[in-house]
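Right, one structure below, let's go through it.
What follows draws every value from the coordinates through simple rules; no lab data is involved. None of these values were measured; they are calculated from a predicted model. Neighbour counts are summed over all protein chains in view; Cβ atoms, including those assigned to glycine, are modelled from backbone coordinates with ideal geometry.
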Amino acid sequence: MPTRLASCSCGRLTATVTGEPVRVSICHCLACQRRTGSVFGQQARFRREDVVVCGASTEFVRIGDEGSCARFHFCPVCGATVFYRFDEMPEAIAIPVGAFADPGFPAPTVSVYETRKRGWVQPPPDAEHIP
């Protein structure tokens, strides 16, 4: 069973994960584009009991398009998001894939908000595509 370490840029906030992700996805919504400073956000969802968080975080709460609530936890020193939770999914923790700094991390199997996707972005063809 693999163990992976996600970290902020300065290393003060970490999340250690045991086991494989439940889901790896990319999100093309405008909020994820703003949050990441990139053209999409990529996240891995894990079972809450498989994640151990260490360090202080600051929380930013965002209400999504459908009214769901996401609670983003970022390092108060360097500002990098290390994990987030969805109120409607208390059993899961999502971690931005980039926080693992692992080029071998599994590819996304789901691509959401594709109506907001940049024209040149090509999600994996075998991924589930959600408009």
**Item:** Spin-label model distance (nm) - R118 vs C69, 7 Å beyond Cα toward Cβ
**Value:** 3.3
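For the range 51-96, state which GluC sites (Glu not before Pro) are in a DSSP loop and have at most 14 other beta carbons lying within 10 Å of their beta carbon. Numbers along the way, then the final one.
Numbers: sites: E59, E66, E88, E91; in loops: E66, E88, E91.
Those satisfying the criteria are E66, E88, E91.
Expected output is a single nm value to one decimal: the length gained when fully extending between M1 and E59, i.e. 0.36 nm times separation in residues minus the C-alpha distance. What is it? Before the final figure, lay out each step's value.
Working: separation 58, 0.36 × 58 = 20.88 nm, distance 3.00 nm.
Contour length minus Cα-Cα distance gives 17.9 nm.
Projected area of the range 1-46, taken from the Cα convex hull and averaged over every viewing direction, in nm²? Walk me through the numbers on the way to the answer.
Working: hull surface 14.9 nm².
Its average projected convex-hull area is 3.7 nm².
Mean 1/r over all different Cα pairs, inverted: what Kirkwood radius does the chain give, in Å? Could the numbers behind the result be given before it?
Details: mean 1/r = 0.0666 Å⁻¹.
Its Kirkwood hydrodynamic radius stands at 15.0 Å.
Once you keep just the Cα pairs under 8 angstrom separated by 6 or more residues, what percentage relative contact order results for the range 3-129? Mind showing how you got there, number by number?
Values: 269 pairs, mean separation 36.9, N = 127.
For the range 3-129, the relative contact order is 29 percent.
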**Item:** Alpha-carbon Rg with Dmax, taken over the range 52-111, Å
**Value:** 12.7, 34
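So if I place +1 on the C-beta of Lys and Arg and -1 on the C-beta of Asp and Glu, and nothing else carries charge, what would the dipole magnitude of the range 3-129 be about its Cα centre? I want it in debye, nearest 20. Display every interim value, and only then the final one.
Working: 14 positive and 13 negative charges, 87 e Å.
It works out to roughly 420 debye.
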**Request:** Restrict the search to the range 48-128; then list the trypsin sites (Lys or Arg not before Pro) that DSSP places in a loop and that have at most 15 other Cβ atoms within 10 Å of their Cβ.
**Result:** R118
**Prompt:** Relative to the present Cα-Cα distance, how much length would full extension add between T16 and F105 at 0.36 nm per residue of separation?
**Reply:** 30.6 nm
**Request:** Compare F60, F86, F46 in a GNM of the chain, Cα atoms joined below 10 Å, and give the one with the largest fluctuation.
**Result:** F60
**Complete:** In whole Hz, the Karplus estimates of ³J(HN,Hα) for the range 100-116 (6.51, -1.76, 1.60; θ = phi - 60°; x where Gly or Pro) are 7, 6, 10, x, x, 4, x, 5, x, 10, 9, 10, 10, 6, 5, 5, 9
